[in-house]
Amino acid sequence: MHYTRTTAAALAVCGAAALALTTAPAQAATGSVHLYKIYYNSPGTDTRSASSLNAEYVQIKNTTTKSVSLRGWSVTDASAHKYTFAAFTLGAGKTVTIHTGKGTNTAANRYWGSGNYIWNNDKDTATFKNSAGAKAGACSYNSTKASYKMC
Ligand SMILES: [Ca+2]
């Protein structure tokens with residue numbers, strides 16, 4: 001009886017270890033490059049001033065453990081306005097903000113270059129695609145009660 005219990009316990013430990021080994025790679029592979037936040041109703045009146053346009057933005061986050069080249073990746077709204085990344089690399093764990101208006105690109109801030117608002121204040125859908133044109137995510141909102149949407 002004593003030996004049987006010991007064997008059973010040993011087997012249980014081996015089983016747990018085997019399970020840990022098989023699940024570890026999957027956990028390490030989690031993470032993605034995805035839509036993170038849309039700030040669709042910039043503060044104040046929509047005057048189309050540079051500061052107002054640039055207070056409207058969409059963010060993309062890289063939760064993988066590697067830098068990812070976003071060249072050719074795109075974001076579109078429901079009206080088919082499209083932003084396509086030129087040469088740009090998003091570091092591991094980093095977030096990039098795509099402002100609606102014009103500005104000077106940096107590692108953390110990119111500019112759509114639009115003279116008008118992109119993200120409707122009531123409802124819209126952002127679609128994110130990779131350089132091959134495959135959908136990498138979407139984010140929708142349908143409320144004027146908030147000014148932004150966490151995707
Ligand atoms: Ca807006």
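What the table shows:
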quantity: Any hit, the range 99-108, residues being touching a Lys or Arg at 6+ places or on another chain (Cβ under 9 Å), over 29 Å from residue 143 (Cα atoms), without any contact (Cβ under 8 Å) to a residue 60 or more places away in the chain and away from the ligand (no atom under 16 Å from the Cβ); calculated: yes
quantity: Hits in the range 39-61 (condition: under 23 Å from residue 92 (Cβ atoms) and within 12 Å of the ligand (Cβ to nearest atom)); calculated: 57, 58
quantity: Of all residues making up the range 56-104, the number that are surrounded by 14 or more Cβ atoms within 10 Å (Cβ to Cβ), of a type outside the set (Gly, Ala, Ser) and assigned to a loop (DSSP other than H, G, I, E, B); calculated: 11
quantity: Residue within the range 83-90 that is more than 16 Å from the ligand (Cβ to nearest atom) and out of contact with any Ser or Thr (no Cβ under 9 Å at 6 or more places or on another chain) present; calculated: yes
quantity: Candidate set from the range 109-139 (those that are among the polar types (S, T, N, Q) and in a strand (DSSP E or B)); member that is nearest to the ligand (Cβ to nearest atom); calculated: 125
quantity: From the options 91, 137, residue that is at positive phi and within 14 Å of the chain's Cα centre (by Cα); calculated: 137
quantity: Search result, residues across the range 120-151 that are within 14 Å of residue 42 (Cα to Cα) and touching a Gly at 6+ places or on another chain (Cβ under 6 Å); calculated: none
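Only the coordinates and a few stated rules stand behind these numbers; no lab work does. As the structure is a computational prediction, the values presented were derived from the model and not from experiment. Here Cβ is always computed from backbone atoms with ideal geometry, including for glycine, and neighbour counts include all displayed protein chains.
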